[in-house]
1. List pairs: first residue in the range 62-90 and touching a residue at least 40 places away in the same chain (Cβ under 8 Å), second residue open to solvent by 60 Å² or more (accessible area, probe 1.4 Å) anywhere in the structure, Cβ distance under 7 angstrom, at least six positions apart or on different chains.
2. If you go through the range 352-366 one residue at a time, do you hit one that is acidic (Asp, Glu), open to solvent by 100 Å² or more (accessible area, probe 1.4 Å) and free of Cβ contacts under 8 Å to residues at least 40 places away in the same chain?
3. Could you give me the residue pairs with C-beta distances under 6 Å whose first residue belongs to the range 323-341 and is under 18 Å from residue 389 (Cβ atoms) and assigned by the TED database to the domain that holds residue 365, whose second residue is modelled with pLDDT under 75 and open to solvent by 70 Å² or more (accessible area, probe 1.4 Å) wherever it lies, and which are 6+ apart or on separate chains?
4. Among the residues of the range 40-59, is any more than 19 Å from residue 212 (Cβ to Cβ) and open to solvent by 50 Å² or more (accessible area, probe 1.4 Å)?
5. Looking at this structure, is residue 327 of a type outside the set (S, T, N, Q) and closer than 26 Å to residue 301 by Cβ?
6. Hey, could you check the range 327-343 for residues that are open to solvent by 50 Å² or more (accessible area, probe 1.4 Å) and not charged (D, E, K, R) and say which is modelled with the highest pLDDT?
7. Which count do you get for residues in the range 99-123 that are out of contact with any Pro (no Cβ under 9 Å at 6 or more places or on another chain), open to solvent by 60 Å² or more (accessible area, probe 1.4 Å) and not charged (D, E, K, R)?
8. Could you look through the range 265-302, keep only residues that are more than 30 Å from residue 321 (Cβ to Cβ) and of a type in the set (S, T, N, Q), and pick out the one that is modelled with the highest pLDDT?
Amino acid sequence: MRHNASTFWSWLWLAGLIAVVSLHFWFPRYSQQPLNDTYSTERAGKKAFYLLAQRRFVEARRNDLSPASAVKEMYDDDVFCLLGPSRQPDQREWKVFLDWVEQGGSLIIAPAYGDPSLKIEELGLQVEPLFDFELNLGEMLEQAQEQNQEEESQPVQTTLFGGGEVRWRSTGKITGDGGEVIVEFDDAPQAVLKPYGSGRVLLIASDDIFSNGSLAYKDNGILAQRLVESVASPESHVIFDEYYNSIGAPKVVGLLFDPLLRPLTVQMLALLLLFVWYGSRRFGRQLPALYQPRHNIVDHTDALGNMYYRTGDGRMALRDYYEQLRKDLQFRHMSLSDNQAVETLARRADQDPQQVRELLARANSAINGPKLKRRAAAEIIRDLATLRAGILRKQSAQAKS
């Protein structure tokens, strides 16, 4: 039963380790906000358009650097796309981008579908909501379009291609002076192309046309591609910005689960799981204890007896016991010829003096004689122990009385 329980926990730890390692390939969504970056495969994401751009242009890549660092790695004929960033650039960052555009670069700007608010003073253009009163226009438009999915969409006027069926979703419009209106919907400018220095800026009122869900509708993919081609050539390098999505997105769990740091975090979790697994059970054979337990007097007696037994001669054990007995009974210098001392010892033990004299003589003869068998030594030691016990018993009785 115990073996089965151990096997069950081993498989459970292994399953947990496999689950943690699988986070490298699939990571659950922990934010309730819509993910509209080029990594997302949801409806609002732009991964499909990113893959399309990789096939259409010489190079299409993502940018994770700040504006000052990003423009240093871009050429004058590159196209930089800011499509629905979670945080819009500030005044200083806009100046960095526009200085690069002035030297010949191309910039595509499209605020998020649910946040139609953007103003660039240097261009004289801005994106404003279609309605003046404050409501959640995104949710209202979503509900309205879900109810009218079967109805024919309103026509979109564009100079980029003729004919086709396009569904344009936007809650804002472009206002300002200058620029060429290349997309118009419901009598409101939706995409304006304006030269700036040696480069060009394409301002779009909504980023929805580049989303995964939008590309699935008929000719929306053609319009999205033509919007980029209006400022780019097949030889251009198209850069999709992810810097503002990474610093502006809400951090529910923290920076450790950011796409840039996520692989390192998963590795740390895997190492932590292995450490806990290692500490939860024993691997391999059991290690010896660092501190051995204390031995009692019985262990020492057994060890001494084994040592005497291996010698095969009982004289050593008899001699050690006899010397200790003489010391305890205080007759170390007693002679067998001293009858008074022997009688005193016999009286103390309540034994016959002649019997005591014979016992002491037999012990001295065995100690000084040739090799002594263990059995004979054990008999003499037992008789000496009886003598010693009798003396100690009488002394204890006298002390009590």
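The values are calculated or read from the model by the stated rules, or taken from the named source; none is laboratory data. Here the structure is a predicted model, which means the values were calculated and not measured. Note that each Cβ is placed from the backbone with ideal geometry, even for glycine, and that neighbours are counted across all protein chains shown. Protein only, heavy atoms only, side chains kept; ligands, DNA and RNA dropped before computing areas. Shrake-Rupley method; radii C 1.70, N 1.55, O 1.52, S 1.80 Å.
1. Here the result reads 64/260; 76/103; 87/247, each pair linking the range 62-90 to a residue that is open to solvent by 60 Å² or more (accessible area, probe 1.4 Å).
2. Residues of the range 352-366 that are acidic (Asp, Glu), as a first pass: 352, 358.
Next cut, open to solvent by 100 Å² or more (accessible area, probe 1.4 Å) only: 358.
Now restrict to residues that are free of Cβ contacts under 8 Å to residues at least 40 places away in the same chain: 358.
Within the range 352-366 (the criterion being acidic (Asp, Glu), open to solvent by 100 Å² or more (accessible area, probe 1.4 Å) and free of Cβ contacts under 8 Å to residues at least 40 places away in the same chain), the answer is yes, since at least one residue qualifies.
3. 326/332
4. Checked the range 40-59: at least one residue is more than 19 Å from residue 212 (Cβ to Cβ) and open to solvent by 50 Å² or more (accessible area, probe 1.4 Å).
5. On the way: of a type outside the set (S, T, N, Q): yes; closer than 26 Å to residue 301 by Cβ: yes.
Against the criterion (of a type outside the set (S, T, N, Q) and closer than 26 Å to residue 301 by Cβ), residue 327 qualifies.
6. Looking only at the range 327-343, we keep the residues that are open to solvent by 50 Å² or more (accessible area, probe 1.4 Å), and these are 327-328, 330, 332-333, 335-340, 343.
Of the ones still in play, those that are also not charged (D, E, K, R) are 330, 333, 335-337, 339-340.
Values: 330: 72, 333: 64, 335: 70, 336: 69, 337: 71, 339: 76, 340: 79.
That would be 340.
7. Summing the residues that are out of contact with any Pro (no Cβ under 9 Å at 6 or more places or on another chain), open to solvent by 60 Å² or more (accessible area, probe 1.4 Å) and not charged (D, E, K, R) in the range 99-123 gives 1.
8. Going residue by residue through the range 265-302, those that are more than 30 Å from residue 321 (Cβ to Cβ) are 265-291.
Subset that is of a type in the set (S, T, N, Q): 265, 267, 280, 286.
Details: 265: 85, 267: 89, 280: 76, 286: 65.
Applying the filter and picking the extreme gives 267.
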